[in-house]
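The next block holds one structure in the form of structure tokens; read it before the comments.
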């Protein structure tokens, strides 16, 4: 009996000599923000433009995070109306432009979970996507043209000015004392009504339409853009369009073009930043007697052979939109990536083109007072 008891105690005594003290759980000290800061500083690269020839131009760039392309369209000036409908030599022609609402659109990159560093990630950015927006870039007035907000309106073989520009001596064209054709009364085939300004009478023929700054629903992607009508654009020519550079229904025509200037900005954004945390627990069972990590004598008479178990958790480090991240709020993450200009307008018939072509005919034989 003593011999059997001794044999049972031997392994227990030996195991007591080999006892290993349990290790403490050592979770990560926190998230790594280096890569997040890098993505904020450079959300995308290689800006480019995509033109379909019959519609608005799309701007794109390549996401630094996953190589996908966000898109945004450049708003197009819409020449909705002109008056008079038939442009006449020495009679001012008025043009009304607004932004074309149908030219506004954007597409963000699909939301992904971005994990880094590669191979053994320690951090995750949930619902990461790259976005684009446009700001207006105000150009210098071009030679032979005018600027309304960030759109330069230019013509060939025509004088052009803004009606509200009192510093422009071309505005005297609207004065009947300087233009005898504007003295012809409305009832005699002219444009002047009794005791009124003839240019105002012509201008009143324009379609009445409101204009607003480009925006899409509740999401503002055209930051700082303004409506296009501080005034109407006026053109004037003492010559018919017989030698014009354009064509309208086969006839020589004058041309008007609109060039929109912009600054393209991009940002990366995500909903939640989580980090990897190893949670170490222990599990004790008699079956571990030949493969254990440590012995917990305090468990006796319950199982004393124990193993470590490691569980991976992803606790939240911060949520940017709540403003509690060390790298700031997404409102401040926009980065300028390009500036440029697009020459394109939408014509009254709804088509898109680089120019609007219109005929101007000789008026003097028609507008002579009896």
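Under the rule a/c < 1.5 gives rounded, and otherwise a/b versus b/c splits prolate from oblate, where does segment 208-262 land using the Cα gyration tensor?
It comes out prolate by the Cα gyration axes.
Just the Cα atoms of segment 226-370: what Rg and Dmax do they give in Å?
Rg then Dmax for segment 226-370, in Å: 38.0, 126.
Specify whether the C-alpha gyration tensor of segment 295-354 places it in the rounded, prolate or oblate class, a ≥ b ≥ c being the square roots of the eigenvalues: rounded for a/c under 1.5, otherwise prolate if a/b is larger than b/c and oblate if not.
In terms of gyration-tensor shape, prolate.
What per residue convex hull volume, in Å³, comes out for segment 107-169 when only alpha-carbon positions are used?
Enclosed volume per residue, from the Cα hull, is 177 Å³.
Can you tell me how segment 262-320 classifies by the Cα gyration tensor, rounded, prolate or oblate, using a/c under 1.5 as the rounded cut?
Prolate, since a/c reaches 1.5 and a/b exceeds b/c.
Read the figures in this text as sums done on the coordinates, not as results from a lab. Just so we're clear, the structure is a prediction, and the values are computed from it rather than from any experiment.
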